[in-house]
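Engineer: Following this message is one structure expressed as C-alpha cells.
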Amino acid sequence: MSHEAAQGLPEGILAHHFSSLERQNEAMRLGMWLFLATEILLFAGLFTGYAVYRFQFPLAFAECSRHLEIALGTLNTIVLITSSFTVALAIHFARTDRRRAAVICLVLTIGFALAFLGIKAVEYTAHFHERSLPGKYYAFEGVKILGAAMFFTMYFLMTGLHGVHVVAGMSVLSWLLWRTLQGRYSSRYYTGLEMGGLYWHLVDLVWIFLYPLLYLI
Amino acid sequence: MRLSEADSARLAGALPQAPTYLQDGTTVLSWLNTRDHKRVGVMFLASVIFFFFIGGIFALALRMKLLQPGPYLIDAVSYNRLFTLHGVVMIFLFLIPSIPSAFGNFVLPLMIGARDVAFPRLNLASFYLYLAGAAITIWGMLQGGADTGWTFYTPYSSTTPTQVLPILLGVFVVGFSSILTGLNFIVTVHTLRAPGMTWMRIPLFVWGIYATSIIQILATPVLGITVLIVAVERFAGFGMFDPARGGDPVLFQHMFWFYSHPAVYIMILPAMGVISETVSAFSRKNTFGYKAIAMSSLGIAFVGFFTWGHHMFVAGQSTFNAGAFGILSMFVGVFTAIKVFNWVGTMYRGAIAFKTPFAYICGFLYFIVFGGMTGVALATTSLDIHWHDTYFVVAHFHFIMVGASVMGFLAALHYWFPKMFGKTYPEGWGLVAASLIILGFNATFIPQFLLGNYGMPRRYYQYPEHFQALHVASTAGGTLLGFGFLIILIYLTIALIWGQRSESNPWGSKGFEWLSASPPPTHNFDELPTITQMPHDYRTHEPPGVLHVA
Amino acid sequence: MNELLRRLLFLPDQASTFARDIDQLHYFVIVTTFVMSTAVGLTTLFFFVRYRRRSETQTTPHIEPTWWMELGFIGTPLFFFMLWFFLGFREFVRQQTPPSDAIDVYVMAKKWMWKFAYPDGPNAINVLRVPAGRNVRLLMTSRDVIHSFYVPEFRIKQDVLPGRYTQTWFNAVQPGRYQILCAEYCGAGHSIMRGEVIALKPQEFEDWLSQQRRGLVARQDSSPTGLDFAPALGNLVDQGRRIAAEQGCLKCHTTDGTRHIGPTWLDLYHRREKLQDGSIIDADEAYLTESMMEPTAKIVAGFQPVMPSFQGKIAGPEVAALVEYIKSLQSDVVRTGPSEGPAYAPIRGR
C-alpha cells in the first residue's frame, strides 16, 4: 500500500484512515487506557460489595481471612509481580530488536500465569475439602460466625473474576508470542506488544489489591 | 473550509461521483464482513428498528390488556413477562444503541472529517456482540422470558422460577457492545479530527456522542458486574444480595442504578445532539450558545453519575442521602434547561423551514421541557413519596425516552435519510406521521400522569376499577402512536427502494457531514478537508451542496 | 382552589395530616411546569411564524448569546428547582421522622398479603385498624421479596425490605376506609396484594383493641399449659424475637456473636459456659429460664452482674417464646428458607 510505503513502514501496520503511525499509536494507547478503565470499574462493583459487607460483618471477615493460606497467597503475589517484570522485559527486548530474548520473556510470563492458576487451584481444592464455600454451600467448621459465608462469597467472586482475567491475559500473551515469533514487533513498531503488556499489568494490579483485602486484613 | 479539489469538484457535480459505500460490494458477505463505519451504522439502524417494533408490539399487548381492570386476554404471569421484555428490548436493544450506534457510527466520522472510526474492526465486533446479546435475549424470551421487570430487583430476580439467566446474560453481552462503541468514538474524536478542527469547532452532535461515550465507558461495566452477580446468585446460590444469607438487596439497587441512571443520559444526550444539529440546519442559523450546549452535555454526563439515589427515596436509605441525591438531581434539570433555551434562541432571526425533522424538533422541545420538569418534580423528595413506582414515573420516563429520545431518533432518521441512502421520502406523509405520533403520544401518556396522581402503581396486572377510564384513554392514544410508526416504516421502505434520487445536500445544511457526497464514497474523502470555521455558519449563501469551497 | 386543582389533577382525597401540604407543593410544581412548557411551545411557534423561510437562498446573521443571557438561562431554572427542592425536602424530613408519641404497629409483608400486629396482642391480616387523629408509626419488614406499603390517600409510601426494618408514619385525619396497595413489583400476585386501612374513632378503636385482647387472654386461659397457647404473632420464635425487642433484652445481648454487656445469644443454647466460680454449666432451657428470673445467681465468667430480674415482668408463655427464640439462634449460617429479619429494638424518643 502506497500509504504505508510512503512512510517507510512494512505492510499491514498502518491503517488507511490514520495519517501517521504516531497518530495510530496514540489512538491505540488511548483506547487501551479507556479499556483498562472499564476493567477497573468492573472490579469496582466487587470492591464496593466487599467494603459494604466488611463493614457489616467485621468479625467474620477478620476471622475468615485468617483461615486462608497466607503462604500460598504471598507466593502467588510474588509470581504475578515477577510475571509483570518479565512482560515489561519482553517489551524492552522487542523494542531493542532482540527477538529471541523477547520470546523467552513472553514464554516465562505465560509460565508464571500458569503457575498462578495452579497455586490458585490448590487453594480452591482446599476450600472445597473444608467446605469453606460461598453462600448456601458454606459448611466450614472453622468459622461459624454470621457473615462467614459472605466472606467466601466475596472471596470466590473476586478471585474468580480475577482468574478469568488471568486466563484472558494468557490468551492475549500467547497471541502476542505468536506475533513476536513471526517477527512483527521491532524497534519500528511494538505498540501491539505494549498494549498486551498493559493489560497484563492490570491483571497484576488487581491482584495487588485483592491480596491484602482477602489475606492480610 | 477547504476540500481537496477532487472532493469539491465531485460535490459540485463537475466530476463523476466516486462509487458510494452502498455500491462498493453488494454481496451479503461484503456487508457482514465490512470495516466501513457507514455500513456498520446502517446494519445497527436496521437492527434497532427491528427491535423497536418488537418492543412496540409488546407495549400494544400490554395496553390492550389494561383496557379491562380484571383478568383479560392474558394471565398475570404473561403480563409480567411482557412488561419485562418490553423494557429490556426497548432499553437495551433499542434506545441505548439507537442514536449512538446507528447514526453516531454513520455521521460522526463524516462530521469530524475522518475516513473511518479509530478501530473499524472493533466497531464491527461491537455490532456482532450486540447481535449475540440480542440473540441470547430472544432465546430467553422463547424459553418463556423473565418476569422481573427490566430493573431485575433482588431478591425477586434471584428467586423467581422464570428464565432470568439468559436475559441477564443478553444484557451483559449487549453492555460490552455499548462499551466498545463508546470507546471507539472517544478515541476517534481525540485522534482523527480533520486538520483545523479544534475542540470548539466540533459539531454539537459529536459533543453529544462524546459525552454519551464517557457514560457508556464508565457506567456500563458496573451494570456488567451487577447482572453477573445476580446470574451467579441464581446459578450457584452465592447470596450476595440475598437477605437470608446476610446479603443486602438494597446494595443491588445502588449498583444497578449507578449504571441505569447514567444510562438514561446515554439515551437522551445523543438525541439532544441531533436536535442541536437539526435546529440549526432547519433554522438556517448558527447555533445560539454553542459553548453552553457543548459544556452542558459534559455537565449532564458528569452530574448524572451522582444522582442514582433518587430512584431509592422510599427504599430505606437515610434522609440525608435522599437530600443529597435530590439536590444533585436538580442540576441535571438546570443543564437541560440551558440547552432548551439555547435551542429556542437558535430559531431567533433564523429562516425556518417547517420540514418533517422540524416537526420532530417541536415535539422534542415540548416533551423535553414537560418530561424533564416532571423529572425534577420527581426528584423533589416529598412529592416522590406519592409518585414513586406509580404511573406518574412511567409517564415521566416515557416522555423522556419516547417523547424526547425517539423524537430525536426520528428527526435524525429523516434529516440524514438522504445522506445515508441518497433518496428522498414523501414530505407530506412525513408530516402526517409526525403529527399522528406527537398527538398519539400525548394521548397515551398524559392520562398516565393522571393515573399516577390518582395512585395507580406501575406493573399492575389487575387494578381497582376507578382507574379504568384513564387506562382506556391511554390505550386509544397508544393505538394512534402505533399507526404513526407504521406509516413511517411503510413510506421509508418505499422511499428506500423506489424513492427519488435526492440532491447531495437537500436541506442546504452547513453541518460538516454534508462536506462529503450523499451517499458518501467508501472512504468518505479523497483527501482530508481542512476546517476553518464553526459548523452551521449561514452568513453567506452558496448553492446547496457546496460549502465554502476555497 | 385546592379542591378544584385536586380534582383536575385526579389526586385522591387528602386523608392524612400531610396530604394537603404535599398537594400544595404539587400544584406549585405542576403549574410551573405547565407555564414553562407552554412558554417554550409558544415562543417556538412565534419564532416559526415570524422567522419562516422566505427564500431558498436566505442568509442569517451570526448571533451569540451575551453573558447575562446565559446567566439568566442558568439562574432561572436553578432558582425554581432549588425552591422546589427546599420546600420538598422540608416536607420529606417531616414525613421521615415519626413523632415520639406515635403508636406502633408491626407490619409484615409477604407474597401477597399484609400482616399487622399490635405490640400488646392482636394481629390482623390485610386490615389495619388505626385510631383517627393519632400518629401511627408502622415498623415494617418482609418475609420474602421487596414490597412497598402505599396508601394514596395518605400520600405515604415506604418499601418493605426482607432482612431489615423500615418505618413510616401517618395521622389519618378522619375515620374512613383507605386502600393499601403494594407498589414494588413482587410477582404474579403483585397487583392483588391489597389491603385496607380502617381509621376508627378513637373510642371505637379502644373498644376494638380491648375486645381483641380479651379474646387473646381467653384463649391463653383456656389452654392446659402455658406453653400450648395460640401464638399471637406467628410461631414462638417470631414472638420471642418481638418480646426480646420490647423487653430491651437486645440492648445488652447481641444475636450475631458480638460481645456486648451480656453474653451473645448466638449459639447460646447448649453452650458450655464457664461461670465466675470456675464451674461449667450447660446453657439449657432450665439455665436460660433461671437467668431471666434470677440473673445474678450464675454469672458467666467475664461479665458483670448487671441484669435486672424479669420475675413478674414476663409471663410463662413469653419466657417459653424467648427460650425458643434463643434456641433458634444457631450460627450454622446456612439457613434455609426466607429471612425472618433481624430483631428490631424500637427506639423511642422518650
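Engineer: Which residues, taken from the stretch B:10-55, are of a type outside the set (Phe, Trp, Tyr), surrounded by fewer than 16 Cβ atoms within 10 Å (Cβ to Cβ) and not in a loop (DSSP other than H, G, I, E, B)?
Structural biologist: Listed by number, the residues that qualify are B:ALA12, B:VAL28, B:LEU29, B:SER30, B:LEU32, B:ALA46.
Engineer: Say we look at the stretch B:173-190 and pick out the residues that are aliphatic (A, V, I, L, M) and within 8 Å of chain A (Cβ to nearest Cβ); which of these is surrounded by the fewest Cβ atoms within 10 Å (Cβ to Cβ)?
Structural biologist: B:ILE186
Engineer: I need every pair where a residue in the stretch A:13-32 that is part of a helix (DSSP H, G or I) has its Cβ under 9 Å from the Cβ of a residue that is aromatic (Phe, Trp, Tyr), sequence separation at least 6 or different chains.
Structural biologist: Qualifying pairs under 9 Å: A:LEU21/A:TYR189; A:GLN24/A:PHE18; A:ASN25/A:TYR189; A:ALA27/A:PHE18; A:ALA27/B:PHE119; A:MET28/B:PHE119; A:GLY31/B:PHE119; A:MET32/A:TYR199.
Engineer: Among the listed residues B:ILE225, B:ILE217, B:ILE136, identify the single one that is closer than 30 Å to A:SER20 by Cα and in a helix (DSSP H, G or I).
Structural biologist: Every option except B:ILE217 fails the conditions.
Engineer: Turning to a different aspect of this structure: For the stretch B:151-200, enumerate the residues that are within 30 Å of C:ARG143 (Cβ to Cβ), under 20 Å from the mean Cα position of the chain (by Cα) and polar (S, T, N, Q).
Structural biologist: B:THR151
Engineer: Can you tell me which residue is surrounded by the fewest Cβ atoms within 10 Å (Cβ to Cβ) among those in the stretch B:427-448 that are closer than 21 Å to C:LEU8 by Cα and of a type in the set (Val, Ile, Thr)?
Structural biologist: So the residue we want is B:ILE446.
Engineer: Could you check how many residues of the stretch B:459-486 are in contact with a Phe, Trp or Tyr (Cβ under 6 Å, 6 or more places away or on another chain) and either assigned to a loop (DSSP other than H, G, I, E, B) or among the hydroxyl-bearing types (Ser, Thr, Tyr) (or both)?
Structural biologist: Selection size over the stretch B:459-486: 2.
Engineer: Follow-up. If I ask for residues that are in a helix (DSSP H, G or I), within 14 Å of chain C (Cβ to nearest Cβ) and of a type outside the set (S, T, N, Q), which ones from the stretch B:443-458 would you list?
Structural biologist: Result: B:PHE445, B:ILE446, B:PRO447, B:PHE449, B:LEU450, B:LEU451, B:GLY452, B:TYR454.
Engineer: Which residue out of C:GLN220, C:GLN211 is more than 14 Å from chain B (Cβ to nearest Cβ) and either out of contact with any helix residue (DSSP H, G or I) (no Cβ under 9 Å at 6 or more places or on another chain) or modelled with pLDDT of 90 or more (or both)?
Structural biologist: Numbers: C:GLN220 fails: either out of contact with any helix residue (DSSP H, G or I) (no Cβ under 9 Å at 6 or more places or on another chain) or modelled with pLDDT of 90 or more (or both).
Checking each option against the conditions leaves just C:GLN211.
Engineer: What's the number of the only condition in (1) small (Gly, Ala, Ser); (2) within 15 Å of A:TYR50 (Cα to Cα); (3) in contact (Cβ under 8 Å) with a residue 24 or more places away in the chain that B:GLY239 fails to meet?
Structural biologist: (3)
Engineer: Return yes when B:ARG193 is more than 9 Å from every other protein chain (Cβ to nearest Cβ) and not aromatic (Phe, Trp, Tyr) and no when it is not. Quick ask: steps written out before the conclusion?
Structural biologist: Numbers: more than 9 Å from every other protein chain (Cβ to nearest Cβ): yes; not aromatic (Phe, Trp, Tyr): yes.
Yes.
Engineer: Is at least one residue of the stretch C:86-107 within 12 Å of another protein chain (Cβ to nearest Cβ), in contact (Cβ under 8 Å) with a residue 24 or more places away in the chain and aromatic (Phe, Trp, Tyr)?
Structural biologist: No, the stretch C:86-107 contains no residue that is within 12 Å of another protein chain (Cβ to nearest Cβ), in contact (Cβ under 8 Å) with a residue 24 or more places away in the chain and aromatic (Phe, Trp, Tyr).
Engineer: Now for a different question. Is it true that B:PRO155 is within 14 Å of chain A (Cβ to nearest Cβ) and either surrounded by fewer than 21 Cβ atoms within 10 Å (Cβ to Cβ) or among the small types (Gly, Ala, Ser) (or both)?
Structural biologist: no
Engineer: For the stretch C:157-195, how many residues are assigned to a strand (DSSP E or B), free of Cβ contacts under 8 Å to residues at least 60 places away in the same chain and either closer than 14 Å to B:ARG458 by Cα or of a type outside the set (S, T, N, Q) (or both)? Break it down into steps so the answer makes sense when it comes.
Structural biologist: Quick first cut of the stretch C:157-195, residues assigned to a strand (DSSP E or B) only: C:157-160, C:162, C:166-172, C:176-182, C:195.
Checking which are free of Cβ contacts under 8 Å to residues at least 60 places away in the same chain leaves us with C:157-160, C:166, C:177, C:179, C:181.
Right, trim to either closer than 14 Å to B:ARG458 by Cα or of a type outside the set (S, T, N, Q) (or both) and you get C:157, C:159-160, C:177, C:181.
Residues in the stretch C:157-195 being assigned to a strand (DSSP E or B), free of Cβ contacts under 8 Å to residues at least 60 places away in the same chain and either closer than 14 Å to B:ARG458 by Cα or of a type outside the set (S, T, N, Q) (or both): 5 in total.
Engineer: Filtering the stretch B:451-484 down to residues that are of a type in the set (A, V, I, L, M, F, W, C), more than 25 Å from C:GLY187 (Cα to Cα) and in contact (Cβ under 8 Å) with a residue 40 or more places away in the chain, which residue is surrounded by the most Cβ atoms within 10 Å (Cβ to Cβ)?
Structural biologist: Of everything passing the filter in the stretch B:451-484, B:LEU481 is surrounded by the most Cβ atoms within 10 Å (Cβ to Cβ).
Engineer: I need every pair where a residue in the stretch A:125-147 that is within 13 Å of chain B (Cβ to nearest Cβ) has its Cβ under 8 Å from the Cβ of a residue that is among the β-branched types (Val, Ile, Thr) and buried (at least 22 other Cβ atoms within 10 Å of the Cβ), sequence separation at least 6 or different chains.
Structural biologist: Between residues of the stretch A:125-147 that are within 13 Å of chain B (Cβ to nearest Cβ) and residues that are among the β-branched types (Val, Ile, Thr) and buried (at least 22 other Cβ atoms within 10 Å of the Cβ), the close pairs are A:PRO134/A:THR153; A:GLY135/A:THR153.
Engineer: Can you tell me which of C:GLY278, C:GLY240, C:GLY248 is over 20 Å from C:GLY316 (Cα atoms) and either touching a strand residue (DSSP E or B) at 6+ places or on another chain (Cβ under 6 Å) or assigned by TED's automatic domain parsing to the domain that holds C:ALA321 (or both)?
Structural biologist: C:GLY278
Engineer: Of all the strands (runs of 3 or more DSSP E) wholly in the stretch C:46-126, which have at least 2 residues that are modelled with pLDDT of 90 or more, surrounded by 18 or more Cβ atoms within 10 Å (Cβ to Cβ) and in the same structural domain as C:SER148 (by TED's automatic domain parsing)? Reasoning before the result, please.
Structural biologist: On the way: elements: C:103-110, C:113-117, C:123-125.
Because the criterion is at least 2 residues that are modelled with pLDDT of 90 or more, surrounded by 18 or more Cβ atoms within 10 Å (Cβ to Cβ) and in the same structural domain as C:SER148 (by TED's automatic domain parsing), the strands (runs of 3 or more DSSP E) in the stretch C:46-126 that meet it are C:103-110, C:113-117.
The values are calculated or read from the model by the stated rules, or taken from the named source; none is laboratory data. Note that the structure is predicted; figures quoted are calculated from it, not measured. Positions of Cβ are generated from backbone atoms using ideal geometry, with glycine treated the same way; all protein chains shown enter the neighbour counts.
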